[in-house]
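Step one of this worksheet: look at the structure below.
We did not get these values from a lab; they are worked out from the coordinates using the rules stated. These numbers were taken from a predicted model, which means no experiment stands behind them. For neighbour counting, all protein chains shown are included, and Cβ atoms are generated from backbone atoms with ideal geometry for every residue, glycine included.
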Amino acid sequence: MQNEIKNAFRAVALFTVLFGIIYPIFILALGQVVFPVQSNGSIVEIDGRKVGARPIGQEFTRPEYFHPRPSRAGDEGYDALSSSASNLGPTNRKLLEAVNSNAERILEENPGLDISGVPVDAVTSSASGLDPHISPENAEMQAHRVAKARGISMDAVRSLIGKHTERPPGVIPGDPAVNVLLLNMDLDRYQNGGRHDEPER
């Protein structure tokens, strides 16, 4: 009986050291070597200042910036500590009211836009509430407003949209998407003659 207890304790100690200490350290070290940027949160910096992370969305409301899709994470949206979806079904009245409210806001922000030109991702939130991307159609919908607010050409804005349109690598299925933070940063850099400034949102 005592031998069995000793063997059990030895096994617990062995597996604790292997999978509680050695394995996590190995995975951490491997990540730092193979994927150093991703392992450290894909942080975006401007002149040494952290302004965001590539995989986490942020709220932008000023007319000269591209706006992200709606967020249900937290009271004001894009709260990384409250990541969640609404969990409302497609026939739920609250969801329909939220979509209609978002559509009205978009039409106010983009004068001359017809409701038929509003893509789905512009009026619905993502499952996490933290999606940093919008569809190319969403970006194109906002391009005229951004160009007018900044006093730059549509060609320049569309060129930057194309530059920041990300596509799944290789044969991996998926739709193209535009990272809002990176696009807005590049807009500022373009307009400021190459100078990096933190977006004012």
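Computed over segment 44-191, the percent of Cα pairs more than 28 Å apart is 18. Result for the chain in a Gaussian network model with C-alpha springs under 10 Å: among Gly162, Gly74, Gly31, the largest mean-square fluctuation is at Gly31. Of Ala127, Ala11, Ala53, which is the most mobile in a GNM of the chain whose springs link Cα atoms less than 10 angstrom apart? With Cα springs under 10 Å in the chain, the top fluctuation among Ala127, Ala11, Ala53 is at Ala11. Going by a ≥ b ≥ c, the root eigenvalues of the Cα gyration tensor, does segment 1-40 fall in the rounded group (a/c under 1.5), the prolate group (a/b larger than b/c) or the oblate group? Prolate shape, in that a/c is at least 1.5 and a/b is the bigger ratio. Each residue of segment 145-153 was assigned a 3J(HN,Hα) from its phi angle through the Karplus curve 6.51 cos²θ - 1.76 cosθ + 1.60 (θ = phi - 60°); the sequence is 4, 5, 4, 5, 5, 9, x, 10, 6 Hz, with glycine and proline shown as x. Close amide-amide hydrogen proximity is noted between Val44 and Val51, Gly52, Ala53, Arg54, each under 5 Å apart and 5 or more residues distant or on a separate chain (H modeled in the peptide plane; Pro and chain starts excluded).
Scanning residues 5 or more positions from Gly57 or on other chains, those with amide H under 5 Å from its amide H are Asp131, with H placed 1.01 Å from N in the peptide plane.
Here's the picture: charge each Lys and Arg Cβ at +1 and each Asp and Glu Cβ at -1 in segment 44-191, and of Ile172, Ala103, Gly57 the one pushed furthest to the positive end of that dipole is Ile172. Annotation: aspartates and glutamates with alpha-carbon distance below 15 angstrom to Lys50 (same-chain offsets under eight excluded): Asp197, Glu198, Glu200.
Of the residues Ala80, Ala122, Ala139, the one that moves most in a GNM of the chain with alpha-carbon contacts below 10 Å is Ala80.
Let's test this: bin the Cα-Cα distances of segment 103-144 at 10 Å from zero up to the farthest pair and state each bin's percent. Whole-percent P(r) values from 0 Å outward: 28, 57, 16, 0. At what distance in angstrom do the alpha carbon centres of segment 9-25 and segment 147-186 lie from each other? The two parts, judged by their Cα centres, are 47 Å apart. About its Cα centre, the chain has a charge dipole of approximately 540 debye under the convention of +1 per Lys or Arg Cβ and -1 per Asp or Glu Cβ, with nothing else charged. Summed over qualifying helices (DSSP H, 4 residues or more, each -39500 (n - 2.57)) and divided by its residue number, the chain shows a 222 nm mean residue ellipticity of -13500 deg cm²/dmol. Exposed loop sites, defined as GluC sites (Glu not before Pro) outside DSSP H, G, I, E and B with at most 13 other Cβ atoms within 10 Å, are absent from the longest region of the chain, namely 77-199.
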